[in-house]
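The values are calculated or read from the model by the stated rules, or taken from the named source; none is laboratory data. Fair warning: this is a prediction, and the values are worked out from it, not measured in the lab. Because the Cβ atoms are built from the backbone with ideal geometry, glycine has one as well, and the counts that use them run over all protein chains shown.
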């Protein structure tokens, strides 16, 4: 089994990357979230998931192991294939998908192209317990955070031009270290860590 690949980025599009590893070029399918993390880099390390089909052998690559874990959970759901899971991870961040599943938010999942009401409900039923058990304390802290304060802080930081994944990571860290912050205090604290 393949764990990860690292090497020189030869070609990059929003849906796939070609990585040269010791003279061999590997075409790897990626999500938009992974694309935004490696865009502009010359070298990359991606965690891999390898799919063998009768007509193709396909690598799926992920910037971090958390995104790969979520991808693997998604494809374990009956009716959700690798391409659908990749579309989900391109449409929403990992934390947004996890929040939707844990919050039984069918509407958010349905907003993703190719996901209907039945598929969204199946994903929630199949994965709610699995995600609840596998997520670490940082994610639980984010869920406990007052949603409106988090959303206002996130919105303000995104409007300043920061990357969504970076914003989520810093806001989780701020919330873990400091309790009961106002929106203004949270933004100021986050800006110090950006």
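General remarks:
- Residue 101 over 12 Å from the mean Cα position of the chain (by Cα), free of Cβ contacts under 8 Å to residues at least 40 places away in the same chain and assigned to a loop (DSSP other than H, G, I, E, B): no
- Every condition in (1) touching a strand residue (DSSP E or B) at 6+ places or on another chain (Cβ under 9 Å); (2) farther than 20 Å from residue 166 by Cβ holds for residue 54 except the one numbered (1).
- Residue in segment 132-144 that is under 19 Å from the mean Cα position of the chain (by Cα), under 20 Å from residue 103 (Cα atoms), modelled with pLDDT of 80 or more and assigned to a helix (DSSP H, G or I) present: no
- Taking segment 1-93 as the region of interest, the strands (runs of 3 or more DSSP E) fully inside it that hold 2 or more residues being under 18 Å from residue 112 (Cβ atoms) are 57-62.
- Selected residue (only one of 174, 125, 167, 106 is within 19 Å of residue 65 (Cα to Cα) and either outside the structural domain of residue 49 (by TED's automatic domain parsing) or modelled with pLDDT of 80 or more (or both)): 167
- Search result, residues across segment 157-171 that are free of Cβ contacts under 8 Å to residues at least 60 places away in the same chain and either touching a helix residue (DSSP H, G or I) at 6+ places or on another chain (Cβ under 9 Å) or surrounded by 13 or more Cβ atoms within 10 Å (Cβ to Cβ) (or both): 157, 158, 160, 162, 166, 167, 169, 170, 171
- Residue in segment 33-47 that is surrounded by fewer than 19 Cβ atoms within 10 Å (Cβ to Cβ) and within 14 Å of the chain's Cα centre (by Cα) present: yes
- Test: residue 75 is outside the structural domain of residue 127 (by TED's automatic domain parsing), under 18 Å from residue 127 (Cβ atoms), in contact with a strand residue (DSSP E or B) (Cβ under 9 Å, 6 or more places away or on another chain) and free of Cβ contacts under 8 Å to residues at least 40 places away in the same chain: yes
- For segment 107-119, filtering for residues that are buried (at least 19 other Cβ atoms within 10 Å of the Cβ) and not in a loop (DSSP other than H, G, I, E, B) leaves 2.
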